[in-house]
1. Part of a helix (DSSP H, G or I), of a type in the set (Ser, Thr, Tyr), facing chain B (nearest Cβ under 8 Å) and under 23 Å from residue A:178 (Cα atoms): is that true of residue A:120 in this structure?
2. State whether one or more residues within segment B:355-362 are assigned to a loop (DSSP other than H, G, I, E, B) and free of Cβ contacts under 8 Å to residues at least 24 places away in the same chain.
3. Across segment A:128-150, what is the number of residues that are within 26 Å of the chain's Cα centre (by Cα) and polar (S, T, N, Q)?
4. Among A:62, A:45, which is the only one that is closer than 26 Å to residue A:31 by Cα, more than 7 Å from chain B (Cβ to nearest Cβ) and surrounded by 24 or more Cβ atoms within 10 Å (Cβ to Cβ)?
5. Test residue A:103 against the criterion of being over 29 Å from residue B:356 (Cα atoms), within 7 Å of another protein chain (Cβ to nearest Cβ) and surrounded by fewer than 20 Cβ atoms within 10 Å (Cβ to Cβ), and give yes or no.
6. Return yes or no: is residue B:113 of a type outside the set (D, E, K, R), touching a His at 6+ places or on another chain (Cβ under 9 Å), assigned to a helix (DSSP H, G or I) and not assigned by TED's automatic domain parsing to the domain that holds residue B:338?
7. Please identify the pairs in which a residue from segment B:47-73 that is under 21 Å from residue B:90 (Cα atoms) and outside the structural domain of residue B:331 (by TED's automatic domain parsing) has its Cβ atom under 9 Å from the Cβ atom of a residue that is modelled with pLDDT of 90 or more and among the charged types (D, E, K, R), counting only partners at least 6 apart or on another chain.
8. In contact (Cβ under 8 Å) with a residue 24 or more places away in the chain, surrounded by 17 or more Cβ atoms within 10 Å (Cβ to Cβ) and under 23 Å from residue B:322 (Cβ atoms): does that describe residue B:110?
Amino acid sequence: MAYLELNNVYKSYGEGDNRTDVLSNINLSIEEGEFVAIVGFTGSGKTTLVNLINGLLKPTSGEVLFKGEPVVDTSHERGVIFQNYSLLPWLTVGQNVYMAVKEAFPKEKKAFLMKRVKDYVGMVSLTPAINKRPKELSGGMRQRVAVARALAMNPEMIIMDEPLGALDALTRGNLQDEILNIWSQDKRTALLITNDVDEGIYMADRIIPLKPGPNATLGPEFKIDIERPRDKTAMNDNPNFKKTRNAIIEYLMDIGEARKSVSNEIYELPDIAPKSFVA
Amino acid sequence: MEQDITLNKEGQGLAFLKPLVAKFTPKFQKGDLVPWLKKSGITLLSILLFLGLWHMGSKALYNIEANYKIEKALTEQGQVAADAERDCIASGESSCQPNTLPSPTQVWASLQTLIADHKVINADKAAFNQKMAATNAKLVAKGKNAIVYTGRASFVDIVLTSIKTVFAGFLLALLIAVPIGVVIGLSPSLRSAFNWFIQIFKPVSPVVWYLLVFMIVKTLYIGDSSDNAFVISFISVGLCAMWATLVNTAMGVSSVDKDYINVAKVLKLGTFQKIFKVILPSSLPLIFTGLRITLSVAWMVLIAIELLAQSQGLGLFVWEEFQNGANDSNAKIIVAMFVIGIIGFLLDRIMLSVQNMVSFNKNEGV
């Protein structure tokens, strides 16, 4: 039995005529300790998929199993890093992390919780900014706080919803390394949602493309056979990397084309000429 | 670098005093002087201009009324009476002065009178208390009520009564409107259930609120001879003013960013934790905007309600002075007007700084 399993999951919003089917027939299984990336176009239903897995949404039909149990609600076992950081702006960095830690370890003493907060804020190298509010931080720093908050709860699985989407390339690279570093320390199961194929290849063991919605479904998976730890610069020359990258991009381009060609109606333009007011 | 985490709301307690302190300890740098002079010079100039226009206006009104009086004496009683009237007005005798818009100097003089009056009353009160101290001690020892000073209230007492009423009303509004607002904000079904109630009662005039409260309080206090004017007026003020807070709170609570709600869900906060740690903090800016409007509405309706309720405040003071028609009554009314305006301004400033203290940019967390 897989660690996380999605069986024939359908998700639609609305009722009757307003009904839009976002996801259909999603089947996914992730083993313990695996790092899986799901790559897809914007608007293809990636966030919906994440919310189904973390328990914020319920599938219209089908089942989401986590360790064999159906997911009915959010759980501390599954930590989430949101796309838009979602820090509480009226709390400082320390307070944001503390709030999460306190919920995850309700029985522990305050000293333990404080130490944990400090450790995790230190881990994302934000110790000097621990008493600052989110508005005083840069985007990358805010995302690191979100990472620290999710990890400080000691989840068994980390779900990342385009965590680095809003960052510039350099910060992005650094944070990718940081996340990988943390992941490799205790090999938690990780699910990364991204729109960046390179990011997926660099970080994950497996990449699964999500066909664009409506009725988005998962495509064939691509295994990444590149030794860890991976080196970003060396990887560019790795034939395996090139092959996988090309295959995935080709696949995505194909479904992109297919999507375009669906609407090949020809519009007939009316035959009109400007009227002459002179004669 | 080892740093302590402050988990309390650090730097917030008295942070709102910072701008105030900064205002009173200006740090002048070279080049600041000219803009500063310009700014305060223009303010000063506008005040002088205002006083000048006021002075000239009141002078013109004074002349109109004086001329009319002389003219009237001339047509009704002849030349001798007209001359007597003219001399009387010129001599400044109070019995024949035109009773019109007072000039700035008259208003200033009235302010001095009111302050002097306050001192006299205070001395009177102190003397009374001293005289009665021994008697009162005996009365209290016997378990009876002490005899208190019941002379007329001074202007300062009147202002304090008004401020007390407005704060009591504001507190009442806060205690009613914020909890109800939170509850309706949280539940869409309650919101639609309460909507008619809010829509109907929100536009009701202060006078009608007063009458409604009067009907109820009068019955509750039946058989009790104690003065219930204060109770009636503060309840009416509170009921008049609470709507802005109620509506704003409900709106703030119902429009909490979905991201924050998701965070609360993912962290698995309990219902109370969710309300107090996520929903309330994120709607505080809107709640305080509502409270600020509430306070200014409360101060505005206070005057009318005190007048109706016969509560010893500024509203009644203004009305009584108008009915009184004494020579300096008009000047006293203008003094009261300025006091009302200045206190209203100060209250608004206080609320504004509190509001700035609790507000944050909605996109800061994103």
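The values are calculated or read from the model by the stated rules, or taken from the named source; none is laboratory data. All values reported here derive from a predicted model rather than from experimental measurement. No Cβ is skipped: glycine too gets one built from the backbone with ideal geometry, and neighbour counts run over all protein chains shown. Side chains included, ligands, DNA and RNA excluded: accessible areas come from the protein's heavy atoms. Shrake-Rupley method; radii C 1.70, N 1.55, O 1.52, S 1.80 Å.
1. Answer is no for this residue.
2. Step one: of segment B:355-362, the residues assigned to a loop (DSSP other than H, G, I, E, B) are B:359-362.
The next check asks that each one be free of Cβ contacts under 8 Å to residues at least 24 places away in the same chain; those that pass are B:361.
The answer is yes, given that some residue of segment B:355-362 is assigned to a loop (DSSP other than H, G, I, E, B) and free of Cβ contacts under 8 Å to residues at least 24 places away in the same chain.
3. Of the residues in segment A:128-150, 2 are within 26 Å of the chain's Cα centre (by Cα) and polar (S, T, N, Q).
4. When all the criteria are applied, what remains is A:45.
5. Criteria met by residue A:103.
6. Taking the combined requirement at face value, the residue does not satisfy it.
7. Between residues of segment B:47-73 that are under 21 Å from residue B:90 (Cα atoms) and outside the structural domain of residue B:331 (by TED's automatic domain parsing) and residues that are modelled with pLDDT of 90 or more and among the charged types (D, E, K, R), there is no close pair.
8. In short, yes.
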